[in-house]
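The next block holds one structure in the form of C-alpha cells; read it before the comments.
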Amino acid sequence: MNAPRHAKAFADMARARKALEAERMKGLNAFRTAVQDGSYPDKATSIAMKLGEYEKLQEALDKRCPFHE
C-alpha cells in the first residue's frame, strides 16, 4: 500500500507485524507440540492442591452469593 503524498513512513511496521506474527505462530506451535507429546505441563510447571482443599473450595463457592443477584 502506498502512503498518501502528504504522509511519510518513518518505520516499516508491516515488516514488524509479519515478524511478530511469525514469532507468535512459532511459540503457539511449540506449545501445541509440547501439550500433545505430554512434555507440558510437567511437575516443574504445575501446582497441586493439598488433599481436601478442592472440596473446601467447592463448599465455599457453593455458599457464595453472586453479586448480580
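A few notes on this one:
- Stretchable slack from MET13 to ASN29, in nm (0.36 nm times residue separation minus alpha-carbon distance): 3.4 nm
- Under DSSP loop assignment and at most 12 Cβ neighbours within 10 Å, longest trypsin sites (Lys or Arg not before Pro)-free interval of the chain: 9-49
- Exposure of GLU59 as accessible area (Å², to 10), given a probe of 1.4 Å and all protein chains: 110
- Dividing the Cα radius of gyration of the chain by its Kirkwood radius returns 1.35 for Rg/Rh.
- Extension gain for ALA48-CYS65 works out to 3.4 nm (0.36 nm per residue, less the C-alpha to C-alpha distance).
The values are calculated or read from the model by the stated rules, or taken from the named source; none is laboratory data. Keep in mind that this is a model prediction, so the values were computed, not measured. Positions of Cβ are generated from backbone atoms using ideal geometry, with glycine treated the same way; all protein chains shown enter the neighbour counts. Side chains are part of the model used for accessible areas, which takes the heavy atoms of the whole protein and leaves out ligands, DNA and RNA. Shrake-Rupley method; radii C 1.70, N 1.55, O 1.52, S 1.80 Å.
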